[in-house]
Amino acid sequence: MAFGSVLLEILKRPTIGEVLSEILIFVIPLWIAVAVGVVVGWAWKPKWASNLSREMLLDSKVSKEDKKGEFSATTISSMIPSLNSLKFQLPSCVSWAADDGGIQKDSFSVPPTLNSECSSSKTEMEKSNLVTGDDLEHLCKLVEVKDGGPAWIQMMDRSTPTMSYQAWRRDPETGPPQYRSRTVYEDAIPEMVRDFFWDDEFRAQWDDMLLHAETLEECPTTGTMVVQWVRKFPFFCSDREYIIGRRIWESGRFYYCVTKGVPCSSVPRRNKPRRVDLYYSSWCIRAVESKRGDGQLTACEVILFHNEDMGIPWEIAKLGVRQGMWGAVKKIDPGLRAYQKYRASAGPLSRSAFMAQINTKVSADYLRSLESSTSDSLEIETLEPPKKCVGNNVPRLLLIGGAVALACTLDRGLVTKALIFGVARKFAIGRRL
């Protein structure tokens with residue numbers, strides 16, 4: 001009401017010049033307040049915003065140069081538009097808005113190197129110790145909670161009639177957050193679950209994050225493989241490329257499956273998709289008693305350990321994982337049941353599933369000797385406590401100005417700005433994210 005009366009008084013001035021001068025005097029304090037907020041917010045801008053800004057600028061520059069036709073056909077084919085989800089299976093987890101463009105899977109093609117014998121390149125792969133006994137030792141200690149790392153904090157405990165799931169997280173002093181999960185599938189045998197997770201050809205039917213999978217190298221003697229994956233990532237990032245070394249050890253009906261990022265000079269780096277170097281995702285598969293309590297080992301337990309540096313701020317990645325983890329995990333069980341039916345119908349065995357059956361045999365005594373050399377870790381069985389809201393103690397001007405600066409730093413699009421301003425508004429009114 002007061003604003004309207006003041007504006008009406010201004011419009012009653014006899015000349016246009018006086019009206020304009022009065023309006024100018026009226027809005028100057030507002031502009032000064034906005035400017036101060038932006039300056040203060042920019043000075044307060046976190047370091048990860050600057051890092052993400054540089055990635056955005058690089059992506060924007062690549063896109064503009066691509067439109068001008070300054071790249072060769074090979075370079076253009078390697079620039080794949082980003083798609084839309086981070087469903088962290090963990091990896092993957094929360095759904096995001098779709099980015100523009102489609103996916104041209106042909107641009108991921110790398111000539112495979114597959115032979116019935118270990119070629120000279122595969123011999124070099126083994127000599128370079130891509131996946132070794134040290135990786136088996138590390139996984140064994142993780143499984144038995146004897147790696148000496150920080151405490152595991154339980155995040156989730158959910159179940160369905162055919163599956164139960166528990167998840168933990170811990171934050172090491174250096175490196176990205178680490179995740180541990182225990183999944184029990186009813187009416188499943190370890191060998192089937194082992195093949196299921198190794199089968200890249202079938203994975204495309206249930207893992208909607210996977211855009212491309214290709215075997216680069218393999219050794220039929222040890223079962224060691226080097227594979228290339230390309231996975232979907234959020235709308236504000238390019239998709240991610242993984243060069244993964246993997247191998248399976250067998251002890252009775254216990255299977256220790258190691259997958260981790262490895263160097264590969266034969267696949268050049270590209271601007272898009274962005275290469276993820278720090279990647280670790282390994283699991284132990286074994287038969288366990290069914291929850292029906294009949295004493296029969298008709299269920300299969302999968303203990304998974306995962307961490308990776310995706311190039312996304314770790315706090316944002318943790319939020320995405322926590323919000324979308326269950327939605328992603330519960331999609332795995334239907335995929336496993338479809339795989340069981342496929343194998344029961346005598347469907348052809350894929351090459352990657354065949355390689356999953358080539359395992360390095362180790363004794364139980366040897367595994368126990370690996371586990372005994374390190375102190376236990378502390379596992380916390382309580383759910384992660386909610387974080388306290390600190391927004392009430394921060395001046396509203398700082399939050400709003402910081403949100404303006406951050407939104408302009410990250411992206412010029414309305415979606416990102418709306419997200420940032422929404423977060424700032426929640427903090428400013430004292431609500432917890």
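Report yes if some residue within segment 216-223 is among the hydroxyl-bearing types (Ser, Thr, Tyr), under 24 Å from residue 240 (Cα atoms) and surrounded by fewer than 18 Cβ atoms within 10 Å (Cβ to Cβ); otherwise report no. Among the residues of segment 216-223, not one is among the hydroxyl-bearing types (Ser, Thr, Tyr), under 24 Å from residue 240 (Cα atoms) and surrounded by fewer than 18 Cβ atoms within 10 Å (Cβ to Cβ), which makes the answer no. Highlighted here are the strands (runs of 3 or more DSSP E) found entirely within segment 264-347 that include at least 2 residues which are under 20 Å from residue 139 (Cβ atoms), at pLDDT 90 or above and charged (D, E, K, R): 299-308. Among the residues of segment 299-314, just one is within 21 Å of residue 329 (Cβ to Cβ) and surrounded by fewer than 18 Cβ atoms within 10 Å (Cβ to Cβ), namely 314. Residue by residue through segment 350-376, note down the ones that are buried (at least 16 other Cβ atoms within 10 Å of the Cβ), modelled with pLDDT of 85 or more and either of a type in the set (A, V, I, L, M) or in contact with a strand residue (DSSP E or B) (Cβ under 6 Å, 6 or more places away or on another chain) (or both). Result: 353, 355, 356, 358, 359, 360, 362, 367.
Annotation for segment 161-176: at least one member residue is surrounded by fewer than 17 Cβ atoms within 10 Å (Cβ to Cβ), more than 22 Å from the chain's Cα centre (by Cα) and either within 18 Å of residue 323 (Cα to Cα) or assigned by TED's automatic domain parsing to the domain that holds residue 305 (or both).
Say we look at segment 144-160 and pick out the residues that are assigned to a strand (DSSP E or B) and of a type outside the set (D, E, K, R); which of these is farthest from residue 321 (Cα to Cα)? Of everything passing the filter in segment 144-160, 160 is farthest from residue 321 (Cα to Cα).
If I filter segment 104-120 for residues that are modelled with pLDDT under 95, buried (at least 19 other Cβ atoms within 10 Å of the Cβ) and either small (Gly, Ala, Ser) or not assigned by TED's automatic domain parsing to the domain that holds residue 369 (or both), do I get at least one hit? Within segment 104-120, not a single residue is modelled with pLDDT under 95, buried (at least 19 other Cβ atoms within 10 Å of the Cβ) and either small (Gly, Ala, Ser) or not assigned by TED's automatic domain parsing to the domain that holds residue 369 (or both). Among the residues making up segment 184-195, a single one is assigned to a strand (DSSP E or B) and surrounded by fewer than 22 Cβ atoms within 10 Å (Cβ to Cβ): 184.
Taking the listed residues 213, 204, the one that is more than 15 Å from the chain's Cα centre (by Cα), small (Gly, Ala, Ser) and buried (at least 19 other Cβ atoms within 10 Å of the Cβ) is 213, with no other qualifying. Checking each residue in segment 188-207 for being among the acidic types (Asp, Glu) and in contact with a strand residue (DSSP E or B) (Cβ under 7 Å, 6 or more places away or on another chain) picks out only 200. Within 29 Å of residue 263 (Cα to Cα) and part of a helix (DSSP H, G or I) - does that describe any residue in segment 170-178? Looking through segment 170-178, none of the residues is within 29 Å of residue 263 (Cα to Cα) and part of a helix (DSSP H, G or I). Name every residue in segment 253-288 that is within 18 Å of residue 181 (Cα to Cα) and free of Cβ contacts under 8 Å to residues at least 40 places away in the same chain, in order of residue number. Once the filter is applied, which keeps residues that are within 18 Å of residue 181 (Cα to Cα) and free of Cβ contacts under 8 Å to residues at least 40 places away in the same chain, segment 253-288 yields 259, 279, 280.
The values are calculated or read from the model by the stated rules, or taken from the named source; none is laboratory data. Just so you know, these numbers come straight off a predicted model, no measurement behind them. Note that we place each Cβ from the backbone using ideal geometry, even for glycine, and neighbour counts take in every protein chain shown.
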